[in-house]
Amino acid sequence: MLETLLRGKRGLIVGIANEHSIAAGCAMAFRAAGAELAITYASERSKPYIAPVVAQLDADLFLPLDVEIDGQMEAVFEAIREKWGRLDFVVHSIAFCPKDDLHGPVSECSQAGFAQAMDVSVHSLIRLTRLAIPLMADGGSILTMSYYGAEKVVDNYNIMGPVKSALEGTVRYLAAELGPKQIRINAISPGPLNTRAGSGIAHFDELIAAAQKRAPEQSLVSIKDVGHIATGLVSDLSRKVTGNIAYVDGGFHVRA
């Protein structure tokens, strides 16, 4: 059944940085379940790191998308419209904050850094959703990636905590707006993973060790684990699930 769970469905994956990315784990799981995929890359410099993943996925489309460059997002959706004429799901797995603002106290975050972090990490989801709606005439599913630091204070997560809080709030409001169109939107909140994005957080090794020790399952999450839950959420098995935050963290979030 798993091999055919997404057969006939077509999805856009935004945020693969390399084979270790959360988005790559999701894409691999989707492809294994029978989905056809469109993949984006953020820049020519990042493209060689993503190309091997795309080759494994046999992706139909491999397109440039820097969400800070005007017109690129619209071009991606126009290419999808021309190729497929519709879209069944979107995965938004991108976040960014300038290094100085990410590593500094929240009280010292610059206005420009905060604005950029919110634009890339949150408003890009709104823009992707707006462009996906016309291609989801028969309904669809949208996923984004959050983190426990949106809910509780996590040492060294700093300004990305408020940013992820905004992302989760956006998911809830979009779920209410899109429900009548039968478009679902959910966030996945994985435990700490050894990804390029994670490594940008100060003292990340300590955060990883603490998560493994405190999680009831006492083990770390993998991108494969995230891919499994993502597959379920974009499939018809979850057609009544929207506005949720799905924790994939071995139970870490239940600890006081």
* Asked: What residues qualify as long-range amide H neighbours of residue 35, i.e. H under 5 Å apart, gap of 5 or more or another chain, H built at 1.01 Å from N?
  -> 6
* Structure fact -> Sorted by chain and then number, the residues having a modelled amide H within less than 5 Å of the amide H of residue 184, at least 5 places away or on another chain, are 140, 141, 142
* Asked: So how tilted is helix 72-83 from the main axis of the chain? Cα-based, degrees 0 to 90, rounded to 10.
  -> 30 degrees
* May I ask you to compute the full-extension gain from residue 43 to residue 81, defined as 0.36 nm times their residue separation minus their alpha-carbon distance, rounded to one decimal in nm? => 11.5 nm
* In nm, give the distance between the simple-model label positions of residue 116 and residue 138, each being 7 Å from the Cα along the Cα-to-Cβ direction. => 4.2 nm
* Structure fact -> Each label sits 7 Å from Cα toward the beta-carbon; between residue 127 and residue 100 the label points are separated, in nm, by 2.4 nm
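Rule-based calculations on the coordinates, nothing more; no lab input. What you see is a predicted model, and the numbers here were worked out from it, not measured in a lab. Note: ideal-geometry Cβ built from the backbone for every residue, glycine included; neighbour counts use all protein chains shown.
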